[in-house]
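The structure under discussion appears below in the form of structure tokens.
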Amino acid sequence: MPDPHSVLITKILPQDLCKKGINEYYFAREIYNIFLKKDTCIVGFNNLKFDNLITRNIFYRNCLDPYEWCWKNGNSSWDILNVLRAFYIFYPNNILWPKNTEGHIIFKLSEFTKINNILHRNVHDASSDVFATIEVAKLLCSKNKKFFFMLYIMSKKNNIRYFIHKNYHKPFFYLSSIFGSKRNNISCVMIFGYHPKNNNLLLIFDLERSLKDLVLLYEKSNKINYTIKDLLLVGIKIIYLNQSPMFFKYNSLSVKSCQRLNLNYYKYQKKFFFLLNKKDIKKWILSIFLIHPPFPLVLKSKNIDLMLYYDFFHSQDKVHLNLLHKKSPEYWNITNLKFYDHRLYKIIFRLRARNFFNSLTILEKQSWKKHCQNIIRSEIIKQYFHKIDSLKILYNDDYEKVYLLNQLAKYVNQLIKDINNFC
């Protein structure tokens, strides 16, 4: 059931999609084929933290490799939002920077385009956001082309690993939203090591944080069994190397720039040298990551749709899937296939049920009906219509929004009838 808020933003009704759109499987295949084209770089605005995650999940749900599109055949992914943040850190002049009520710089696409007179007619409209992102990229490139393309080159995974190798025993600056707008999305950090079970994850310490809290935690470790969450609360951070993290050498910022950004590099140096030889603390931190899985919340999920990060698809399973994709899923026959990854049996069933319902057997239709009724329970339906009614009261004077909400209610009512009637 579509979220009512989303329908009000996009003004796209599910009825329109049913008439004019294509099903999820064919949509995913179409996007996948575009993204997998050799030497393609997928660029967006906040795509590393948002769009790319949705992209991976829709590929996973449709038995397409969730990762190859952004690394295979020279492909990559890049984020203009991080480029924008980097320009504020290093080259803020001759660009207007919007601020929030607390006086901190904000990097919302709509706010940045507005203050810099960049055409952005329909905020949250997909094509409008795309063209606005292109114009922002053009503006930044025109301000400092050399720096712009240096950031692009440094976003490549091989260059990221090379930077880590050269700065493994040095403090360096890390640009990320995890530090928040109050801290200008940047901090000085030091490496504690790679995750013991996943070398795509780098464990670092935020040198802005209190050493006292970290040391106190370590001193009590003989009495208390700490978790990864406890470490994150005292300044340990996990860097995902497949998300193009932005690193800068410790001497890349001038003293003047550090003062402007409220970065006390001398304080960072003092903490760095204190921790440098504390091998016992580093060993203890790595031992906690060794015990606990890197994605504990995801692994606990029993919903097959949310188990993307449970494991990678086996190479032999990929061979089977590639053969299946040569036919429409309506004609898939998996009775003779033995998948190493048992998720695939359920994923394939749901893929067919969602997109090719009429190809299911009577028993499969009954199973799907039971699943749908379990998901769209009476209390969920009640909450959903309460949300629609609340929005209708809120936008009582807005004819267009009331119309959209009424049409959405009509669609969902029909959907519930269909679920109860099929089979």
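If contacts are Cα pairs under 8 angstrom and at least 6 residues apart, what is the relative contact order of the chain in percent?
On the way: 429 pairs, mean separation 65.4, N = 423.
About 15 percent, as a whole number.
Enter the accessible area per residue of the chain (Å², integer; probe 1.4 Å; all protein chains in place).
For the chain, the solvent-accessible area averages 58 Å² per residue.
To the nearest 10 degrees, how steeply does helix 343-355 sit against the main Cα axis of the chain, on a 0 to 90 scale?
So the helix axis and the longest Cα principal axis differ by about 50 degrees.
Check cross-link reach from K138 to the lysines: straight Cα distance under 19 Å, and skip same-chain residues fewer than eight apart.
K108, K114, K146
Which of the residue pairs K237/K302; K220/K282; K157/K197; K166/K237 have a Cα-Cα distance greater than 24 Å in the structure shown?
Distance filter (> 24 Å) returns K237/K302.
Enter the accessible area of M246 (Å², nearest 10), with the probe set to 1.4 Å and all protein chains included.
20
So what's the angle, to the nearest 10 degrees on a 0 to 90 scale, between helix 24-35 and the longest Cα principal axis of the chain?
With both axes taken from Cα atoms, the answer is about 40 degrees.
Counting only helical runs of four or more DSSP H residues, what would the 222 nm mean residue ellipticity of the chain come to if each run contributes -39,500 (n - 2.57) and the total is spread over all its residues? Write down the numbers at each step before the final one.
Working: 20 runs with 221 residues, N = 423.
Taken over the chain, the calculation gives -16000 deg cm²/dmol.
With charges set only on the Cβ (+1 for Lys and Arg, -1 for Asp and Glu), what does the dipole of the chain come to about its Cα centre, in debye to the nearest 20?
That gives a dipole near 1220 debye.
Going through the stretch 329-423, which trypsin sites (Lys or Arg not before Pro) have at most 15 other Cβ atoms within 10 Å and a DSSP loop state?
Values: sites: K338, R343, K346, R350, R352, R354, K365, K369, K370, R377, K382, K387, K392, K401, K410, K417; in loops: K338, R377.
Counting only loop positions with at most 15 other Cβ atoms within 10 Å, the trypsin sites (Lys or Arg not before Pro) in the stretch 329-423 are K338, R377.
Compute the long axis of helix 279-291 from its Cα atoms, compare it with the longest principal axis of the Cα atoms of the chain, and write down the angle in degrees, 0 to 90, nearest 10.
10
Among Y403, Y345, Y384, pick out the residue whose Cα is farthest towards the positive end of the charge dipole of the stretch 265-423, where Lys and Arg carry +1 and Asp and Glu carry -1 on C-beta, about the Cα centre.
The listed residue farthest towards the positive side: Y345.
The values are calculated or read from the model by the stated rules, or taken from the named source; none is laboratory data. On a predicted model such as this, the values are computed, not experimentally measured, just so you know. FYI the Cβ positions are ideal-geometry reconstructions off the backbone, even for glycines, and counts take in every protein chain you see. Heads up: the accessible areas ignore ligands, DNA and RNA and are worked out on the full protein's heavy atoms, side chains in. Shrake-Rupley method; radii C 1.70, N 1.55, O 1.52, S 1.80 Å.
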